[in-house]
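Comments concern the structure below.
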Amino acid sequence: MATLPDGTRLPGRLFIVEGIDGSGKSTQLDILHKWLLGEGYVVVFTEWNSSPVVRETTKKGKKDRLLTPMSFSLIHAADLADRMERQIIPALKAGAVVLADRYIYTAFARDAARGVDRAWVRHLYSFAVRPTVAFYFRVPLKESLDRIMTGRPELKYYEAGLDMALAADSNESFKLFQGRILDEYQHMVDEFGLEVIDATKTLVSQQQKVRKIVEPHLAGVAETQPIAWRDTLALESLYGRYLAGAGQSSAS
Ligand SMILES: Nc1ncnc2c1ncn2[C@@H]1O[C@H](COP(=O)(O)OP(=O)(O)OP(=O)(O)O)[C@@H](O)[C@H]1O
Ligand SMILES: [Mg+2]
């Protein structure tokens, strides 16, 4: 179950992925997504910083470097608040599986790394639904940097944490910033009971572990109507070995 802050239980399930940049969370979530669809579940996908409500403001704020740590934090909270009300909660009420690429722990880690008060950020996101499972893809800093620095275009100002003046060089600043975020995540594992996945393992072994954890939570989740294959064949007039002939009952 996923649970509203007031304790109300919603019939859907909310699985979220967290980890520093390049930890492989989108890769794993994408495979999980396809598997769940293949199994016939109703799945809704949502990702961090994607709400149309704040898109233009965020873009301008980043481009013109107007965002302070606190306004950066508030703008991301507005993004999640919008997706929560218009996307996540309705889907969970309908009994669907919701997959979120990054969730409140991204804000807790990043904003604290920018010096925002930890208690303040946690309180800011007190509207958020408690996830069914929160996966944390733990990877050493060097491994994630190796994965993402190759072939990546130049780092952006906020992405590299240049707003904090940790270092003049963007690559160096990015490393220091990601290191701070990694520390924050580490402290949240026990605080929020994050489900740790060793993200240095192969793609397949990580996915096996993820599915093993997800599977027991799927009982009773909304499923799509299975397509009656006989109906599909009959619609295309594909009679033969599997369909006796035109006009036959197609119940399967
Ligand atoms: N198990 C793995 N072993 C090695 N490389 C991997 C593994 N999983 C993913 N990668 C590669 O690492 C890179 C980053 O993966 P991915 O985009 O999934 O990370 P992410 O955590 O979503 O990053 P971001 O936070 O930047 O969105 C990709 O090039 C991906 O192919
Ligand atoms: Mg990603």
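Can you give the FRET efficiency for Ala119 and Glu159, using 1/(1 + (r/R0)^6), R0 = 25 Å, r = Cβ-Cβ distance, to the nearest 0.05? Approximately 0.45, to the nearest 0.05. For the chain, the residue among Gly40, Pro216, Leu194 whose Cα projects farthest onto the positive side of the dipole built from Cβ charges is Gly40. The mean sequence distance of close C-alpha pairs (under 8 Å, at least 6 residues apart), as a share of the length of the chain, puts its relative contact order at 28 percent. Within the chain, helices built from complete DSSP H runs that reach 15 Å or longer along their own axis (Cα positions) and carry a mean Kyte-Doolittle hydropathy of -1.0 or higher are 25-38, 69-83, 170-192, 203-214.
Arranged from fewest to most other beta-carbon atoms within 10 Å of their beta carbon, Asp64, Asp101 become Asp64, Asp101. Calculated [222 nm] ellipticity per residue, helices only, for the chain: -13500 deg cm²/dmol; basis is -39500 (n - 2.57) per DSSP H run with n ≥ 4, divided by all residues, nearest 500.
As a proxy for reagent exposure, Met149, Met188, Met70 were ordered by neighbouring Cβ count within 10 angstrom, fewest first; the result is Met149, Met70, Met188.
Looking at the chain alone, DSSP beta bridges between its own residues are antiparallel in about 20 percent of cases.
Relative to one another, the C-alpha centroids of region 158-217 and region 65-139 are positioned 15 Å apart.
For the listed residue pairs Lys62/Lys142; Lys62/Lys209; Lys25/Lys62; Lys63/Lys175, the alpha carbons are over 32 angstrom apart in Lys62/Lys209. Charge dipole of region 1-159 (Cα centre as origin; +1 on each Lys and Arg Cβ, -1 on each Asp and Glu Cβ, all else neutral): 140 debye, rounded to the nearest 20. The stretch between Phe127 and Asn49 holds 26.4 nm of extra length on full extension. This uses 0.36 nm per residue minus the Cα-Cα distance. If R₀ is 25 angstrom, what is the calculated FRET efficiency for the pair Asp183 and Arg65, using the beta carbon separation as r and rounding to 0.05? The pair Asp183/Arg65 has a calculated efficiency of 0.50. Size estimate for region 66-154 follows the Kirkwood approach: the inverse of mean 1/r over distinct Cα pairs works out to 15.0 Å. Of the GluC sites (Glu not before Pro) in region 1-71, not one is in a loop by DSSP (not H, G, I, E or B) with at most 11 other beta carbons within 10 Å.
With the charge dipole of the chain set up from +1 on Lys and Arg Cβ and -1 on Asp and Glu Cβ about the Cα centre, the Cα lying farthest toward the positive end among the listed residues Ala112, Leu162, Ile148 is that of Ile148.
Counting only trypsin sites (Lys or Arg not before Pro) that are in a DSSP loop and have at most 11 other C-beta atoms within 10 Å, tell me the longest site-free stretch of the chain. No qualifying site falls inside 66-240, the longest such stretch. Per the Debye formula on identical point scatterers at the alpha carbon atoms of the chain, with no solvent, log10 I(q)/I(0) at q = 0.07, 0.10, 0.14, 0.17 Å⁻¹ is -0.30, -0.56, -0.97, -1.34. Here the simple spin-label model places points 7 Å from the Cα toward Cβ, and for Thr8 and Leu203 these points are separated by 4.0 nm. Taking chymotrypsin sites (Phe, Trp or Tyr not before Pro) that fall in a DSSP loop and have at most 16 other Cβ atoms within 10 Å as cut points, what is the longest piece of the chain between them? In short, 1-126. Once both labels are positioned 7 Å from their Cα atoms along Cα-to-Cβ, the gap between Ala167 and Val196 label points is 2.6 nm. If R0 is taken as 45 Å, the Cβ-Cβ distance between Lys93 and Arg152 corresponds to a FRET efficiency of 0.70. Overall, the ratio between the Cα radius of gyration of region 58-98 and 2.2 N^0.38 Å, rounded to two decimals, is 1.54. Listed from fewest to most Cβ neighbours within 10 Å, the set Leu176, Leu32 follows the order Leu176, Leu32.
The GluC sites (Glu not before Pro) of region 98-159 meeting both criteria, a DSSP state outside H, G, I, E and B (loop) and at most 13 other C-beta atoms within 10 angstrom of the site's C-beta, are Glu154. How would region 119-229 be classified by its alpha-carbon gyration tensor: rounded, prolate or oblate, with rounded meaning a/c under 1.5 and the a/b versus b/c comparison settling the rest? Because a/c hits 1.5 or more and a/b exceeds b/c, region 119-229 counts as prolate.
Laboratory data are not the source of any read-out in this text; all were calculated from the coordinates shown. Just so we're clear, the structure is a prediction, and the values are computed from it rather than from any experiment. Counting neighbours? That spans all protein chains shown, and the Cβs are built from the backbone with ideal geometry, glycine included.
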